[in-house]
1. Cα gyration tensor of the stretch B:38-152, axes a ≥ b ≥ c as square roots of the eigenvalues: rounded (a/c below 1.5), prolate (a/b > b/c) or oblate?
2. If we count other beta carbons within 10 Å of each Cβ, what is the order of C:141, C:14, C:40, fewest first?
3. In terms of modelled amide H atoms, which long-range or inter-chain residues lie less than 5 Å from the amide H of residue C:161?
4. Under the rule of -39500 (n - 2.57) per DSSP H run of 4 or more residues, summed and divided by the residues of the protein assembly as shown, what mean residue ellipticity at 222 nm is obtained, to the nearest 500 deg cm²/dmol?
5. Within the protein assembly as shown, count lysine pairs with alpha carbon atoms under 30 angstrom apart where the residues are 8 or more positions apart or belong to different chains.
6. So what's the Cα pair-distance distribution over the stretch A:63-118, bin width 5 Å, in %?
7. Counting pairs of alpha carbon atoms under 8 Å apart in space and at least six apart in sequence, what relative contact order in percent does the stretch A:54-163 give?
8. To the nearest 0.05, how large is the calculated FRET efficiency for residue B:54 and residue C:22 if R₀ is 35 Å and r is the Cβ-Cβ distance?
Amino acid sequence: MIQARILPWLIGVLTAVLIYLVFFVVPPAQGLGDYVRIAFFHIPMAWVSVLAFLMSAWWGARYLRRQEMEADRLSAASAKLGLVFVVLATLSGAIFSKLTWGAYWNWDPRQTTIFVLLLIYGAYLTLRAAMPEPRRRARVTAVYALFSFLTVPFLVFIIPRLYFSLHPSPVINGSGSLDMDPVMLGTLLAGLIDATLLYVWLVWRSVGRGDKEALS
Amino acid sequence: MITIKFEAVTQSFYGRTIFQDINAKLRSGTITAVTGQNGSGKSTLLKLAAHFMLPAAGRVSVVEDARELRREELRNRLAMVTPELRFYPRLTARENLAFLLGLRGIELTETKFQALLARVGLRDQAVATTVTGEFSTGMRQRLKLAALLAAEADIWLLDEPGANLDAAGRELVLREARQAADEGRLVLWATNDEREEAAADAAIHLAGH
Amino acid sequence: MQQSIWRGIKLVFCKELTIGMRFKAAWAAMFMFALTTLACVSMAMQGGAVEPRLLAALLWVSLFFAAMAGADRVFADEDTAGTLLTLHIFGPAQAVLLGKMLYTLFLLVLLALFITPLFLVLMDVAVAAPLVLLGTVLLGCFGIAAAGTLIAALTTGASVHSGLFSILMLPIILPVFLPAISLTAGAFGGGAVTVSYLGGMALYDFILLVGASILFDYLWYED
């Protein structure tokens, strides 16, 4: 439980460093100007939305294999956080889009992907809310998490062919090379690590609280 | 030889304990009665034996010759009569039985069907061609017995099988259950009837909470 | 073993069909719903010239919602009739799933064969590539049947029913829906037809089928 106490401090420090880096160190980007600073929050949030989906499906599979309610609680906690992060990522993305391209929404491939993700989280949590019996709820939502995971190859490979993209692709570009300013790259990495730790801590916390509720 | 083992089994719904720490070992060739007042968890115990639900604590296993049966294997080996069992109301008795038995790979020939109806006392000719939605409760109960008899299952789970039956019907259930046990089947029988209880080889009493 | 699965699928399919034939209200409701949707779309457009892309979207929205009204019944009907436990006791998982899927596919294909020609007539659409349209509609129906049967099994026992099925279906069926609209637009003469999308749809349909088949075992045999 030592980690449980250290983790929030670590996240706090990292967040402070991140804010400092984003607002005082990172130079304005070519063409995007100061708006690029939004990206350092937007990209990590989008990353956690995807990670939370992956983990929710993973814990779902674990529940189906072992019938441990713990896995179900983790899966649910991950999905709830995922929904928060996906909403934040969508909003920050829409604002960034408005500022740089002039429209909040244009069904760019990654906007479509994140929107589908939003729908899946919404559907998953609606299903949870509609299932009164805990065991059946655990099983049914685990199956849904895994079934909806089948859309991933489509979201990654097919959607980009269907829609024309405006998204800047400095990190995930086709050539595999990283043509990014080292300061920017470092800041982005710090952001990703910070968001991931925040996710881990929040999932952990919400499950821990569930335990206490069960005991009392 | 099939054995159903209950090891320290506890079941609860929404935090309410139904029964606690049940230990029992049921064997092929015997009738085990499950007794207790309404709400003491007799039906729940049967569903646990069928692996239709998981216990809150403890373990339920079905073992055949030292090998534990998987859920899907067990499903294929058991037959059940419970009040919750329903036939397709828009299908006739024959269509219902042919469908359900067909799923188990058992073919229902006309002679077999007629013999079955006679055995459970559904002699009226119209029965075969009437949709079960128009059956009386007693007729449906007898049809459930017909499905049970024809399923050739090694495990019989009976939840108040005498319900809605007349004296002759109850007699029939007793006779068939005894014969099934003598043929080497495992019979688990939830009942409130003293005569049925007395006919069993062993009993599990659920005290209630 | 293989043979017994086929036998089981056939039994379940025939059972669904028999019950369906004796319960005509369900059929009538489904087809009337489709007709109503079509009439709404057609009247709203008032015979004005519509772009192929929009036409394609309208056709698929009509198909999707008509399908939603029919496909969610496969398990819900068993649940209301109380026969789900009976089927649980006697039916092996794969026979139940695939038999019901086949029946849903059959219903959806009938529905699509009813909606599509009517849509073409009412909206005065000239089809440039009829085979592409046919292939797209069939693959679309297959995808909806494959996903819909599993999702219908998920929603039994839910305290809220209306809408839940569609909410759960939409994200999963989008990968079928989006290329289907593209292809249909192409078939209506709006831009080139990318035939590889048909392959993509077929592949995704297959993934849905396999996924549903694997996951259904957990639903059917677990607690």
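1. Taking the square roots of the gyration eigenvalues as a ≥ b ≥ c, the stretch B:38-152 is prolate.
2. With the fewest neighbours first, C:141, C:14, C:40 line up as C:40, C:14, C:141.
3. So residue C:161 has HN proximity to no qualifying residue.
4. -22000 deg cm²/dmol
5. 28
6. 5, 18, 20, 16, 11, 10, 8, 6, 4, 2, 0
7. RCO, the stretch A:54-163: 38 percent.
8. E between residue B:54 and residue C:22, to the nearest 0.05, is 0.40.
Laboratory data are not the source of any read-out in this text; all were calculated from the coordinates shown. Worth saying up front: this structure is predicted, and the values here are computed from it rather than measured. Positions of Cβ are generated from backbone atoms using ideal geometry, with glycine treated the same way; all protein chains shown enter the neighbour counts.
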